[in-house]
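Derivation of every value follows stated rules applied to the coordinates shown; laboratory data play no part. Not measured: the values here are computed from a predicted model. Using ideal geometry, Cβ is built from the backbone for each residue, glycine included, and neighbour counts are taken over all protein chains shown.
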Ligand SMILES: C[S@@+](CC[C@H](N)C(=O)[O-])C[C@H]1O[C@@H](n2cnc3c(N)ncnc32)[C@H](O)[C@@H]1O
């Protein structure tokens, strides 16, 4: 408001919603979203995913979507587990967020080492390059892994369409920002992109209780999709 010399929030809202002011609107989104994330966050989820991947029976590797990926640590952690399980076989990961600033940072894949405290050292050594000189204290993700993750901007509040339904959705630490009605709408939107029996990971401080009956709880913050209603 101050930068644009606007008097109040109403004036700001009408400014950012005017056609032609899309850049200003994106800036508001980038400033308003909370983007905290790090590698191997909520490790129980990744340990469980690792066991699912190890026992995977499908002809093709599973398709996984990180639907509020922030600066990319979550999809890149998933990519490390996929690389361990499927190596050079064909696989890729979808990752999306509403914040263009976060997506740019995710595509660059340069992170302070402090974001990798939870990451097993073997993964750090195998999939990350250690920064030197100006980049001391940073890690850069290996190109081979970076190329496996497709980033795109998506707003969870809009109906979602994907070319292929996915086997697993990570939707962690984003539902907390919405009221129950919006949470239901988001879950409904996303479930259309999930295969029956597919897995949905949400944050450990979140729940689908009273939000959706289309999922069965199988572990803390982990659900299995029952499939679309007949
Ligand atoms: C706290 S981060 C969670 C990152 C990661 N999933 C994790 O658990 O570490 C929440 C992310 O949700 C994104 N977000 C918020 N509202 C959104 C929306 N309507 N559509 C898509 N992403 C959204 C934010 O931009 C932010 O990057």
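Summary of values
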read-out: Ordering of 86-92, 219-225 by packing [mean C-beta count within 10 Å, highest first]; value: 219-225, 86-92
read-out: Separation of the residue 130 and residue 143 label points, Cα + 7 Å toward Cβ, nm; value: 2.2 nm
read-out: Full-stretch length increase - residue 50, residue 100 - with 0.36 nm per residue and alpha-carbon distance subtracted; value: 15.0 nm
read-out: Burial ranking of peptide ranges 169-175, 41-47 (average Cβ count within 10 Å, highest at the top); value: 169-175, 41-47
read-out: Amide N of the stretch 175-194 lying under 17 Å from the label point, which is placed 7 angstrom from the Cα of residue 13 along Cα→Cβ; value: 179
read-out: Cα-based Kirkwood hydrodynamic radius, the stretch 43-225, one decimal, Å; value: 17.0 Å
read-out: Measure of compaction for the stretch 1-139 (Cα Rg per 2.2 N^0.38 Å); value: 1.33
read-out: Normalised contact order of the chain, rounded percent, pairs of Cα under 8 Å and 6 or more residues apart; value: 17 percent
read-out: Net length gained if the chain between residue 155 and residue 219 were fully extended (0.36 nm per residue, minus Cα distance); value: 20.3 nm
